[in-house]
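A quick write-up on the structure given underneath.
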Amino acid sequence: MFACLLLGSAAFFEVSTPAGIGFVQRNSPTRRKYLIETMTGGVALLDYNNDGLLDVFLVNGGALTDPMPQPANFHRGEPKYWNRLYRQNRDHTFTDVTEAAGLAHAGDGNYGMGVAAADYDNDGYTDLYVTNYGRNVLYHNNGNGTFTDVTERAGVAGGGWSASAGFFDYDKDGKLDLFVTRYLDWDFARSKVCARETYCLPGEFPAATNLLYRNRGDGTFEDVSTRAGLSKLKGHGLGVAFADYDDDSWPDVFVANDGMEQFLLHNNGDGTFSERGLEAGVALSDNGKPFAGMGVDFRDYDNDGRPDIVVTNLARQIYAVYHNDANGSFSYRSLQTGLGVLSAASSGWGMRLVDFNNDGWKDLFIAQSHVMDNVEAIDPSLHYLEPPMFALNQAGRFERADPGTTQPMAGRGAAFGDIDNDGWPDVIVSVLGGRPLLFRNRGGNAHWLTISLRGTRSNRDGFGARVRVNDQWQEVTSAGSYLSASDKRVHFGLGAAQTANVEIRWPSGTHQSLPNVRADQFLSVTEPEQR
């Protein structure tokens with residue numbers, strides 16, 4: 001147990017290794033500096049058994065040897081290299097249910113990366129999609145506490161080096177589709193150690209294309225990457241997030257690319273996407289340079305009703321804040337928001353904008369660590385291990401607050417949600433070479449409202465719905481961060497307000513209004529059958 005510290009005047013984190021979670025993130029670092037060993041660490045918060053409690057799924061890496069024999073075998077059948085599912089108990093401890101759930105064997109040819117979580121078949125149970133270097137895996141939730149590998153039938157194995165993934169309904173047909181980022185065209189035969197015995201930059205290897213799978217609604221998906229215009233775009237994709245940035249009612253995609261321009265994929269509404277990163281002003285930093293995009297969130301930080309973009313990257317680059325200017329373009333606001341000063345010497349991965357102190361402004365939590373484990377030998381002013389960053393949002397400007405621990409760690413994935421259902425959002429962070437850490441928010445006196453959506457004409461999870469609570473807007477999604485999936489419930493801090501006016505714009509086009517909703521509750525809303 002780490003120190004319990006007050007954050008601002010209303011919220012605090014108690015930092016611990018979650019009781020009952022014995023998982024160790026085994027990335028297996030080697031002297032060969034295989035780049036994949038630095039990049040793993042996905043984590044998901046989901047309620048897989050519909051008991052009202054968030055459970056935890058953690059993605060493991062695999063065994064690497066020095067040198068790596070071909071064909072690659074990562075020994076994922078050994079229990080220490082399994083991905084793990086932990087069921088939350090009523091006392092907020094956890095029980096390992098991996099084997100009983102049918103999730104024990106991830107495939108010996110797979111080195112684990114990330115996870116996406118959503119109900120892709122609208123049966124009321126959250127499914128899992130695990131990305132790998134190798135073959136990705138789709139696990140169907142059977143509704144009885146078990147999962148079945150349906151990858152081959154569904155047609156979503158992918159291939160190569162996949163990173164983040166997320167479910168969204170890009171064509172608004174009521175069925176969740178799947179977007180997968182891919183990092184590099186890389187294999188062990190082409191791996192190399194770069195100058196000063198470091199991991200090579202991604203530009204040393206060929207770029208890769210991302211994948212888009214359209215949900216047919218019969219349990220299978222169609223690879224529409226080429227038809228959608230994605231196959232002509234090669235990048236070094238890591239994080240991915242979804243939002244309708246230009247308010248045309250179609251969900252758009254932001255891809256965080258490492259060491260090159262970022263992608264903003266505009267949904268044209270006809271099944272295709274156009275890359276508009278440069279045109280919209282989100283491809284580069286304010287001085288026109290590319291950066292190492294890793295984690296991303298696509299959310300309104302200044303309460304003007306438009307989704308903004310925050311991207312984490314490497315030390316010396318400062319985290320990027322792109323403000324949505326309402327005309328299809330963005331302006332770079334890292335310095336104006338204070339995030340530039342806070343992040344100048346840091347490297348960030350998993351992250352999200354969340355109102356942790358329930359004052360009505362979304363704060364920022366970022367898992368941190370440099371990518372190179374020997375960076376101190378190259379630049380003594382930088383550090384491989386870092387504590388996470390926590391910044392309170394003061395009316396659109398971020399100010400550093402205490403994350404609850406000064407312990408340096410190799411943070412990677414981060415998932416966000418209210419684990420103990422007390423109305424105050426929590427965080428779980430994966431740690432390379434170590435056990436995950438739970439940042440439990442112990443709360444305060446402000447009011448809040450958490451909403452669960454159930455689509456009928458729209459997808460059952462309500463992903464892509466725009467929800468307004470008083471003067472705040474959010475879009476419903478479990479995607480974003482880095483390699484991770486967060487609680488699909490949408491949370492709003494209300495400050496001193498004891499009631500809220502709720503407006504929901506469903507992907508189907510249905511508008512729903514709920515006036516004078518009582519604060520401090522978990523509200524379930526079902527989409528009306530008719531407009």
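I'd like the distance between the alpha-carbon centres of region 150-222 and region 411-457, rounded to an integer number of Å. That distance is 26 Å. Extending 7 Å from the Cα toward the beta-carbon at both Thr406 and Ala189 defines two label points whose distance is 5.1 nm.
Along its principal axes, region 125-256 has C-alpha extents of 51, 40, 23 angstrom, given from the largest down. Once the 1.4 Å probe is applied to the protein heavy atoms, the chain comes out at 34 Å² accessible per residue.
How big is the C-alpha Rg of the chain next to the rule-of-thumb value 2.2 N^0.38 Å, as a ratio?
On the way: Rg = 21.0 Å, N = 531, 2.2 N^0.38 = 23.9 Å.
That ratio works out to 0.88.
Going by accessible surface with a 1.4 Å probe and the largest first, Tyr34, Tyr332 read Tyr332, Tyr34.
Considering only Asn393, Asn89, Met409, and ranking their Cα positions along the charge dipole of the chain that arises from unit charges at the beta-carbon of Lys, Arg, Asp and Glu, the one farthest toward the positive end is Met409.
Of the accessible area of region 149-303, computed with a 1.4 Å probe over protein heavy atoms only, carbon and sulfur atoms account for 45 percent. Looking at the chain alone, DSSP beta bridges between its own residues are antiparallel in about 95 percent of cases. With the whole protein complex present, Glu78 retains an accessible surface near 80 Å², based on a 1.4 Å probe.
Would you compute, from DSSP H runs of 4+ residues alone, the mean residue ellipticity of the chain at 222 nm, taking -39500 (n - 2.57) per run and dividing by the full residue count, rounded to the nearest 500? Mind dumping the intermediate values first?
Values: 4 runs with 17 residues, N = 531.
It lands at -500 deg cm²/dmol.
A 1.4 Å probe over all protein chains sorts His511, His323 by accessible area into His511, His323, starting with the largest.
For Lys234, Lys362, Lys172, the ranking by accessible surface with the largest value first comes to Lys234, Lys172, Lys362, using a 1.4 Å probe.
Please work out the FRET efficiency for the pair Thr226 and Gln498, using the Cβ-Cβ distance as r and a Förster radius of 41 Å; give the result to the nearest 0.05. If you can, show how the numbers build up before the last one.
Working: r = 53 Å, r/R0 = 1.28.
Computed FRET efficiency for Thr226 and Gln498 comes out at 0.20.
Annotation: Asp325 carries an accessible surface of approximately 50 Å², with a 1.4 Å probe and no ligand, DNA or RNA atoms counted. Here the mean projected area of the convex hull built on the C-alpha positions of region 25-130 is 7.3 nm². Around the Cα centre of region 377-479, unit charges on the Cβ atoms of Lys, Arg, Asp and Glu (plus for the first two, minus for the last two) sum to a dipole of about 380 debye. His140 contributes an accessible area of around 40 Å² to the protein surface, as traced by a 1.4 Å probe with all chains present. In this model, which of Lys175/Lys488; Lys172/Lys488; Lys362/Lys488; Lys234/Lys488 are farther than 22 Å apart at the alpha-carbon? Lys234/Lys488, as the Cα separations exceed 22 Å there. Rounded to the nearest 0.05, what FRET efficiency do Glu376 and Leu278 give with R0 = 30 Å and r taken as the Cβ-Cβ distance? Could you check? Once the sixth-power term is evaluated, E becomes 0.25.
The values are calculated or read from the model by the stated rules, or taken from the named source; none is laboratory data. Here the structure is a predicted model, which means the values were calculated and not measured. When we count neighbours, we look across all protein chains shown, and the Cβ atoms used for this are built from the backbone with ideal geometry, even at glycine. Just the protein is used for accessible areas: all its heavy atoms, side chains included, with ligands, DNA and RNA removed. Shrake-Rupley method; radii C 1.70, N 1.55, O 1.52, S 1.80 Å.
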